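*Asks:* My questions all concern the structure below.
The values are calculated or read from the model by the stated rules, or taken from the named source; none is laboratory data. The structure displayed is predicted, hence computed values, not measured ones. When we count neighbours, we look across all protein chains shown, and the Cβ atoms used for this are built from the backbone with ideal geometry, even at glycine. Side chains included, ligands, DNA and RNA excluded: accessible areas come from the protein's heavy atoms. Shrake-Rupley method; radii C 1.70, N 1.55, O 1.52, S 1.80 Å.
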Amino acid sequence: MKRSLLYSGKAKDIYLTEDDELIVSCYKDQATAFNGLKKEEVIGKGRLNNQISSLIFEKLNRAGIATHFVEKLSDTEQLNKKVAIIPLEVVLRNYTAGSFSKRFGVAEGIQLEQPIVEFYYKKDELDDPFINDEHVAFLDIASKEEIAYIKEETRKINGLLSSWFAEIGLTLIDFKLEFGKDKDGQIILADEFSPDNCRLWDADGHHMDKDVFRRGLGEMTDVYQIVWEKLQELD
Ligand code: TMP
Ligand code: ASP
C-alpha cells in the first residue's frame, strides 16, 4: 500500500500510495512540544493516537462532517484522502487555558460565554504566529467565504466532540484542527484529533492530554490510554 515518503512531520509520516487520491498516515512514537524544542521518544504513543483519532474521525464521518478519514489500516497507520493542507491551525476554546491564559493574563479553566475560534499561521520557521481573518486574506490562505465555512464547521465539530467527551466524563477545554482541500477543491477536516491537539480535563481537573508532557506532570501514555478506554464506551 505505502509507496514513497511524502512528508515527515513531528507526530506522523505521510506516504503516497498507488492511488493518487489516497495517502497513508503513520503515527510515530515521538512527542514534541514548544515547536519541537522538547522532543522525546514515547513508546505506544503512535498506536494510541492512531486509535483515538481513527475512532473520532469515524464518528465525525458518521455525523455528516466531511473528513479525510477513510479507514484504519493497522495499529499505527490509517488511510486518508489526499488533500492540500490549508496552512492554518484553527483553535477553538471553550474554556481559558494555555496560551490564551498567558496572552490575556487570565486563570485557566474559566468557561467562555461563547466558544472562541482563533487562527494561527502554520509555519514552523515563524513559530506559528497568531493571526486574524484579515491576515488570512493578506496571506492569500483562504477567501472570506472559506474562512466563514471553516469557522462554522469548527463550531459544529465542537458541538459534537464536546458532547461525546461529556458522555465519558471529560471536558473539552480547547482543540486545534487543520483543514485541507480535496481534489474537487472542497474543504474537509484533515490531520488528526487526539490528546496531542486538544485539552481534556477530568471531573477532578486532571489533565488528560499533552499538557502532561508539556508540563512534566507524568507519563503521557498513561492518560492517553484512559482516554482511549473511555472513548470505546461510546457507540
Ligand atoms: P495553546 O493554548 O497552546 O494555544 O493551544 C491551544 C490548543 O491547540 C491546545 O488544545 C493544544 C493545541 N495545539 C496544537 O495542537 N498544536 C500546537 O502547536 C499548539 C501550540 C497547540
Ligand atoms: N505541536 C507543537 C510541537 O510539536 C507544540 C505543542 O503541541 O505544544 O512542538
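*Asks:* For region 3-31, name all the residues that are within 16 Å of ligand 1 (Cβ to nearest atom), surrounded by fewer than 19 Cβ atoms within 10 Å (Cβ to Cβ) and part of a strand (DSSP E or B).
*Replies:* Selection gives Gln30 alone.
*Asks:* If I ask for residues that are under 24 Å from Thr96 (Cβ atoms), among the acidic types (Asp, Glu) and more than 18 Å from the chain's Cα centre (by Cα), which ones from region 112-146 would you list?
*Replies:* First pass over region 112-146, keeping only residues under 24 Å from Thr96 (Cβ atoms): 112-122, 127-133, 135-136.
Right, trim to among the acidic types (Asp, Glu) and you get 113, 118, 127-128, 133.
Listed by number, the residues that qualify are Glu113, Asp133.
*Asks:* Give me the pairs: first residue in region 115-133 and of a type in the set (A, V, I, L, M, F, W, C), second residue at pLDDT 95 or above and part of a loop (DSSP other than H, G, I, E, B), beta-carbon distance under 9 Å, and six or more apart or on different chains, which are they?
*Replies:* Close Cβ pairs (under 9 Å, with a partner that is at pLDDT 95 or above and part of a loop (DSSP other than H, G, I, E, B)) amount to Phe119/Asn132; Phe119/Ile141; Ile131/Leu139; Ile131/Ile141.
*Asks:* Suppose we filter Ile65, Ile43, Ile52 for residues that are hydrophobic (A, V, I, L, M, F, W, C), within 16 Å of ligand 1 (Cβ to nearest atom) and either without any contact (Cβ under 8 Å) to a residue 12 or more places away in the chain or outside any strand (DSSP E or B) (or both); which single one remains?
*Replies:* Working: Ile65 fails: within 16 Å of ligand 1 (Cβ to nearest atom); Ile43 fails: within 16 Å of ligand 1 (Cβ to nearest atom).
Testing whether each residue is hydrophobic (A, V, I, L, M, F, W, C), within 16 Å of ligand 1 (Cβ to nearest atom) and either without any contact (Cβ under 8 Å) to a residue 12 or more places away in the chain or outside any strand (DSSP E or B) (or both) leaves just Ile52.
*Asks:* Something else: Output the residues belonging to region 142-176 that are away from ligand 1 (no atom under 16 Å from the Cβ) and among the small types (Gly, Ala, Ser).
*Replies:* The answer is Ala142, Ser143, Ala148, Gly159, Ser163, Ala166, Gly169.
*Asks:* Please work out if Lys38 is of a type outside the set (A, V, I, L, M, F, W, C) and within 26 Å of Asn158 (Cα to Cα). Please lay out each step first, then the result.
*Replies:* On the way: of a type outside the set (A, V, I, L, M, F, W, C): yes; within 26 Å of Asn158 (Cα to Cα): no.
It is false that Lys38 is of a type outside the set (A, V, I, L, M, F, W, C) and within 26 Å of Asn158 (Cα to Cα).
*Asks:* Turning to a different aspect of this structure: Within region 136-152, how many residues turn out to be assigned to a loop (DSSP other than H, G, I, E, B) and open to solvent by 70 Å² or more (accessible area, probe 1.4 Å)? Write out each step before concluding.
*Replies:* Our first condition is that a residue be assigned to a loop (DSSP other than H, G, I, E, B); within region 136-152, this holds for 139-143.
Among the residues that remain, those that are also open to solvent by 70 Å² or more (accessible area, probe 1.4 Å) are: 140.
Residues that pass the stated criteria total 1.
*Asks:* Now, a different point. Within region 176-221, which residues are without any contact (Cβ under 8 Å) to a residue 12 or more places away in the chain and over 18 Å from Lys39 (Cα atoms)?
*Replies:* If the condition is that a residue be without any contact (Cβ under 8 Å) to a residue 12 or more places away in the chain and over 18 Å from Lys39 (Cα atoms), then Asp184, Gly185, Asp204 are the ones that fit.
*Asks:* Would it be correct to say that Glu113 is under 21 Å from Gly159 (Cβ atoms), open to solvent by less than 70 Å² (accessible area, probe 1.4 Å) and either acidic (Asp, Glu) or part of a helix (DSSP H, G or I) (or both)? Reasoning before the result, please.
*Replies:* On the way: under 21 Å from Gly159 (Cβ atoms): yes; open to solvent by less than 70 Å² (accessible area, probe 1.4 Å): no; either acidic (Asp, Glu) or part of a helix (DSSP H, G or I) (or both): yes.
Against the criterion (under 21 Å from Gly159 (Cβ atoms), open to solvent by less than 70 Å² (accessible area, probe 1.4 Å) and either acidic (Asp, Glu) or part of a helix (DSSP H, G or I) (or both)), Glu113 does not qualify.
*Asks:* Right, next: If you go through region 126-135 one residue at a time, do you hit one that is among the charged types (D, E, K, R), under 28 Å from Leu22 (Cβ atoms) and surrounded by fewer than 18 Cβ atoms within 10 Å (Cβ to Cβ)? Steps first, answer last, please.
*Replies:* Going residue by residue through region 126-135, those that are among the charged types (D, E, K, R) are 127-128, 133-134.
Applying the additional criterion that residues be under 28 Å from Leu22 (Cβ atoms) yields 128.
Right, trim to surrounded by fewer than 18 Cβ atoms within 10 Å (Cβ to Cβ) and you get 128.
Among the residues of region 126-135, at least one is among the charged types (D, E, K, R), under 28 Å from Leu22 (Cβ atoms) and surrounded by fewer than 18 Cβ atoms within 10 Å (Cβ to Cβ), which makes the answer yes.
*Asks:* Still on this structure, I have one more. Quick check on Glu178: is it under 30 Å from Asp19 (Cα atoms), within 16 Å of ligand 2 (Cβ to nearest atom) and at pLDDT 95 or above? Don't jump to the end; show me each part of the working.
*Replies:* On the way: under 30 Å from Asp19 (Cα atoms): yes; within 16 Å of ligand 2 (Cβ to nearest atom): yes; at pLDDT 95 or above: yes.
So Glu178 fits the description; yes.
*Asks:* Another question about this same structure. Report the residue count in region 78-101 for those that are within 15 Å of ligand 2 (Cβ to nearest atom), in a strand (DSSP E or B), among the aliphatic types (A, V, I, L, M) and surrounded by 17 or more Cβ atoms within 10 Å (Cβ to Cβ).
*Replies:* Count: 3.
*Asks:* Here is a follow-up. For region 181-199, name all the residues that are away from ligand 2 (no atom under 16 Å from the Cβ) and hydrophobic (A, V, I, L, M, F, W, C). If you could, list the steps in order and put the result at the bottom.
*Replies:* Residues of region 181-199 that are away from ligand 2 (no atom under 16 Å from the Cβ), as a first pass: 181-189.
Hits for region 181-199 are Ile187, Ile188, Leu189.
*Asks:* Of the residues in region 204-235, how many are open to solvent by 70 Å² or more (accessible area, probe 1.4 Å) and within 18 Å of Arg93 (Cα to Cα)?
*Replies:* 1
*Asks:* Within region 54-77, does at least one residue satisfy the condition of being surrounded by 14 or more Cβ atoms within 10 Å (Cβ to Cβ), within 16 Å of ligand 2 (Cβ to nearest atom) and under 27 Å from Met220 (Cα atoms)?
*Replies:* No, region 54-77 contains no residue that is surrounded by 14 or more Cβ atoms within 10 Å (Cβ to Cβ), within 16 Å of ligand 2 (Cβ to nearest atom) and under 27 Å from Met220 (Cα atoms).
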